[in-house]
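Q: Below you will find the structure I want to go over with you.
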Amino acid sequence: MPKPSPKQVPMPTQDPKERVKNFLEVPHGYTIAQAQEEAVRCIQCKNPPCVEGCPVDINIPGFIDFIAKGDFKASIRKMKETNALPAVCGRVCPQEDQCQKVCVVAKMGESVGIGKLEAFIADWEAKSGEIELPEIKPSSGKKVAVVGGGPAGLAASGQLAKFGHKVKIFEALHKMGGVLSYGIPEFRLPNDIVDREVNYIKSLGVEIQTSFVVGKIKTIDELLSEYDAVFIGTGAGLPWFMNIEGENYNGVYTANEYLTRVNLMKAYTFPNHITPVTKGKRVAIIGAGNTAMDAVRTAIRMGAKVASIVYRRSLKEVPARLEEIHHARQEGVDFKLLTLPIKYHADSQGWLKEMECLKMELGEPDASGRRRPVPIEGSNFRIPVDVVVIAIGNNPNPLIAESTPDIKVGKKGNIIIDEATGKTNKKSVFAGGDIASGADTVVSAMRAGKIAARGIDEYLRTGLW
Amino acid sequence: MKILEKKKIAKDLTKFLISSPLIAQKALPGQFIMLMVNEVGERIPLTIAASDKDKGTISIIFQEVGYTTKLLGTLGVGDSLYSLVGPLGRATEIKNYGKVIVLGGGVGIAEILPVLRALKGAGCDITTILGGRTKELVILVDQVKELTNQLIITTNDGSLGEEGLVTAPLGRLIKESQDYGLVFCVGPVPMMKAVSDLTRSHKIKTTVCLNSIMVDGTGMCGCCRVTIGKENKFTCVDGPDFDGHLVDFDELMNRQRIFNEHEKHALCKLDEQIKKDKENTN
């Protein structure tokens, strides 16, 4: 076998100068020739570490080998054996921390572009117009209610449908997808692709009910009177604040609100879509995770002259994916590192004008192993801003726990589950994703959904709790 | 989600009876729904003015003041909403408070109806004060009359009832007697603020129902946050009822103005659209 090229086939992307003016996806996606060129870089390990690194156990060498051979139908079939949402995973998974991190080829240069190939094969199938359905087991006669139409709920539903159970998803918003629809911007994950994946889940026989808030219109106990089991995947939707002065001034948004307005409600097309959002000229995003990168790149596309990431630690500790930081830099994002906001200042009408910050320095490592940021006394300075987006994290959504007093929750309101099965302490009720783990990645929520689906299947088949 | 009945209650004030068996089953006084008129619309909250479990219907009453409420007003019987979700928010705390004063201002009068019904059912002795700029804006008087032991009306111009604001009769009542178990008020923010200021020194429990701007309505976005005492609360999941003595009304008033400029822009667009539609039908 010839030695694989040390470099990945580069992904064609929109020019940064152009893409800051639109919400279209940044990468164009591999052509067939590019995908095949990349696919042959995979050396088809006998004991592939990449599969170990994949939260949803994709047979990575398997699907890549079929791409190399040009049998794309077989490739997507292999993919969907374990992953029902490849177009999403290929785009938003942190592959560099998972499959690609342990890729053997990476020892000789760059890893195989597994994520890019995953997105390629998913898009190839969509373009072909022929979506093949997997084998669905004969009907078990059992019914499962899935609460929440995000990654955990979608993954659980797909799997449960394949096991032969009748599944209905209850989603609170008017649109399916959870964070895939309201949170992740279109330039990273187009809404059409989310719709496509949701339609695939529907095609497996899953029923969908939107605008249905479990906990309000029906409780978990009421669902249990109609369904044999319930899966809760309601995510981490309760935004954190810093609780500093001025956080309620006009112009201060949570990332959830800012992104929901722009992505779910399409405020970027205002007034074609009628939901508004403040177009800031000087926008600061507080935090440096993936959500912060999404928000700052959104602000640039909404016309900000200056869009900054404000983060209390240094670049080394920035939690966002490298690719996101890279894209943000290309698009002109300004990084204000070692900077801690302590107070907002407004005009007499309550409109945000300035952000007061402290300079930080790094001290001894803290519990997370990262060097603790320590404020430098008297280093106060002000930054002019008209929009601030707080992107420092979310707690699990409290609605279900509040309306289900007998379900066991942890200190942060997370539902406590058995990791191996997704079982909660309440009979017939399972949970997974951010509602149980606290805020984590899309793919870890999908993994939790799949694990719970297996747990539910076993429970429904054996009747044993 | 289908509109079964449409009724003009007053100028710019419309009532819809909507088929929604599931929401009707669960709706409690003080709760609200969120709706979208069409696919490109915004999500707005509206109080559930009445609900009927047996018929599977809910009523909403709205003032056609903004883009979305005006657009909503163009819908007719047989039309369906694009989306409807509820019942949201916490219900108003209902019990026998003894003597209570309920105040409604403007479209807030529609919002006090379900609370009046429930308080009456709980055995409260109710005095209701309705206020409006002028007599046409004092709505639903007959329905309120049936649910209250005593009714006082004020208008700014004196065209109906007493001339002046609701705080004048409220001031008289609580000067005469402080043994009111509850003052409940829904109306424009300045009215709720004035009422809360008045009852504070008398230490009379005062509940106000807030109308913050919302997006999801389920506690996810935080747009509707409001300072209650020293705490940050979300109107959609912690409210919409709050202790009037703790609400930072000035902040609320500022936050309600966030999208005023967008609203003007949207209204221009709507006027053009309506004009175009008319030309097309001619």
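Where a number appears in this text, it was derived from the coordinates with a stated rule and is not lab data. If you're wondering where the values come from, they're calculated on a predicted model, not measured in any experiment. Counting neighbours? That spans all protein chains shown, and the Cβs are built from the backbone with ideal geometry, glycine included.
Q: Using packing as a proxy for protection, rank B:244-250, A:58-64 so that the peptide with the highest average count of other Cβ atoms within 10 Å comes first. Please report the intermediate quantities before stating the final value.
A: On the way: B:244-250: 18.7, A:58-64: 23.1.
The densest-packed peptide leads the list: A:58-64, B:244-250.
Q: Hey, with R₀ at 35 Å, roughly what FRET efficiency would residue A:345 and residue A:97 work out to, going by the Cβ-Cβ distance, to 0.05? Spell out each step's value before the answer.
A: Values: r = 39 Å, r/R0 = 1.11.
Calculated value: 0.35.
Q: Okay, next question. Restricting to bridges with both residues inside chain A, how much of the DSSP beta-bridge set is antiparallel, in percent to the nearest 5? Before the final figure, lay out each step's value.
A: Numbers: 20 of 53 bridges.
Looking only at bridges with both residues in chain A, the antiparallel portion is about 40 percent.
Q: Give me the distance between the Cα centres of region B:104-182 and region A:260-285, rounded to whole Å.
A: 40
Q: Collect residues whose amide H, placed 1.01 Å from N in the peptide plane, falls under 5 Å from the amide H of residue B:129; neighbours closer than 5 in sequence don't count.
A: Residues meeting the criterion, in which the H sits 1.01 Å from N, are B:102, B:103, B:104, B:152.
Q: Using modelled amide H (1.01 Å from N, peptide plane; none on Pro or chain starts), what sits under 5 Å from the amide H of residue A:238, excluding residues fewer than 5 places away?
A: The list, which skips near neighbours in sequence, is A:395, A:397.
Q: Tell me, A:268, A:182, A:258 in order of fewest to most beta-carbon neighbours within 10 Å? Before the final figure, lay out each step's value.
A: Details: A:268 21, A:182 25, A:258 30.
Final ranking by Cβ density, sparse to dense: A:268, A:182, A:258.
Q: A follow-up question, please. For residue A:108 and residue A:269, FRET efficiency with R0 = 60 Å and r from the beta-carbon atoms, rounded to 0.05? Write down the numbers at each step before the final one.
A: Numbers: r = 46 Å, r/R0 = 0.77.
For residue A:269 and residue A:108, the calculated efficiency is 0.85.
Q: Can you find, among A:463, A:191, A:212, the residue sitting farthest towards the positive end of the charge dipole of chain A, where Lys and Arg contribute +1 and Asp and Glu -1 at Cβ?
A: The residue sitting most towards the positive pole is A:191.
Q: Something else: Using only the alpha-carbon atoms of region A:350-465 as identical scatterers, what base-10 log of I(q)/I(0) does the Debye formula give at q = 0.15, 0.18, 0.19 Å⁻¹?
A: -0.83, -0.96, -1.01
Q: Okay, next question. How big is region B:60-135 by Rg and Dmax over its Cα atoms, in Å?
A: 15.8, 43
Q: Moving to a separate point now. Count charges around residue A:354 for me, please; just the other residues with Cβ under 11 Å from its Cβ, Lys/Arg as +1, Asp/Glu as -1. List each step's numbers first, then the result.
A: Details: positive: A:282, A:343, A:353, A:382; negative: A:347, A:356, A:386.
That sum, taken over residues with Cβ under 11 Å, equals +1.
Q: I need the phi-derived Karplus couplings for region A:27-44: 6.51 cos²θ - 1.76 cosθ + 1.60, θ = phi - 60°, integer Hz, Gly and Pro marked x.
A: x, 7, x, 5, 7, 4, 5, 5, 4, 5, 4, 6, 4, 6, 6, 6, 8, 6
Q: Got a sec to turn the phi values of region A:168-182 into Karplus ³J(HN,Hα) couplings, 6.51 cos²θ - 1.76 cosθ + 1.60 with θ = phi - 60°, whole Hz, x for Gly and Pro?
A: After applying 6.51 cos²θ - 1.76 cosθ + 1.60, I find 10, 9, 10, 10, 6, 7, 7, 10, 6, x, x, 4, 5, 9, 8 Hz.
Q: I would also like to ask the following. Calculate the FRET efficiency for residue A:57 and residue B:93 from the Cβ-Cβ distance with a Förster distance of 41 Å, rounded to the nearest 0.05. Walk me through the numbers on the way to the answer.
A: Working: r = 51 Å, r/R0 = 1.23.
For residue A:57 and residue B:93, the calculated efficiency is 0.20.
Q: Below 8 Å, C-alpha to C-alpha, sequence gap of six or more: please give me the relative contact order for chain A in percent. Before the final figure, lay out the partial values.
A: On the way: 1005 pairs, mean separation 72.1, N = 465.
This gives 16 percent for chain A.
Q: May I pose another question? Any idea what the dipole of the protein assembly as shown comes to, in debye rounded to 20, about its Cα centre with Lys/Arg Cβ at +1 and Asp/Glu Cβ at -1?
A: Using Cβ point charges on Lys, Arg, Asp and Glu, the protein assembly as shown gives about 460 debye.
Q: For the protein assembly as shown, what is the convex hull (Cα atoms) projected area averaged across all directions, in square nanometres? Let's see the in-between values first.
A: Values: hull surface 144.0 nm².
The Cα convex hull of the protein assembly as shown, projected and averaged over all directions, gives 36.0 nm².
Q: So, one more: What do you get when you divide the Cα radius of gyration of region A:16-128 by 2.2 N^0.38 Å, with N the number of residues? Could the numbers behind the result be given before it?
A: Working: Rg = 13.8 Å, N = 113, 2.2 N^0.38 = 13.3 Å.
So region A:16-128 has a normalised radius of gyration of 1.04.
Q: Which lysines, on any chain, are close to residue A:101 with Cα under 28 Å apart, when same-chain ones fewer than 8 places away are left out?
A: Correct list for residue A:101: A:3, A:7, A:46, A:69, A:73, A:78, A:80, A:116, A:316, A:450.
Q: Considering every pair of different Cα atoms, what Kirkwood radius, in Å, is found for chain B?
A: Working: mean 1/r = 0.0515 Å⁻¹.
One decimal place: 19.4 Å for the Kirkwood radius.
Q: Further question on the same structure: Going by a ≥ b ≥ c, the root eigenvalues of the Cα gyration tensor, does region B:134-282 fall in the rounded group (a/c under 1.5), the prolate group (a/b larger than b/c) or the oblate group? Don't jump to the answer; show the numbers that get you there.
A: Working: a/c = 2.43, a/b = 1.31, b/c = 1.85.
It comes out oblate by the Cα gyration axes.
Q: When the Debye formula is applied to the Cα atoms of region B:99-209, each taken as the same point scatterer, what base-10 log of I(q)/I(0) results at q = 0.12, 0.23 Å⁻¹?
A: -0.34, -1.35
Q: From the square roots a ≥ b ≥ c of the eigenvalues of the alpha-carbon gyration tensor of region A:241-392, which class results: rounded (a/c under 1.5), prolate (a/b over b/c), or oblate?
A: On the way: a/c = 2.10, a/b = 1.36, b/c = 1.54.
Oblate, because a/c is 1.5 or more while a/b does not exceed b/c.
Q: Sequence-distant or interchain residues sharing an amide H contact under 5 Å with residue A:147, placed H: which?
A: For residue A:147, the qualifying residues are A:170, A:231, A:232, A:233.
Q: Apply the Karplus curve 6.51 cos²θ - 1.76 cosθ + 1.60, θ = phi - 60°, to the phi angles in region B:71-79 and return the couplings in whole Hz, x for Gly and Pro.
A: 5, 4, x, 7, 6, x, 4, x, 6
Q: Another question, if that's okay. Taking 0.36 nm per residue of sequence separation and subtracting the Cα-Cα distance, how much length would be gained by fully extending the chain between residue A:279 and residue A:209, in nm to one decimal? Kindly include the intermediate steps, with their values, before the conclusion.
A: Details: separation 70, 0.36 × 70 = 25.20 nm, distance 3.36 nm.
Full extension of this stretch gives 21.8 nm more.
Q: Let me ask something else about it. Please give every one of the aspartates and glutamates within straight-line cross-link reach of residue A:353, meaning a C-alpha to C-alpha distance under 17 Å, and leave out same-chain neighbours fewer than 8 residues apart.
A: The qualifying aspartates and glutamates are A:245, A:247, A:386, B:251.
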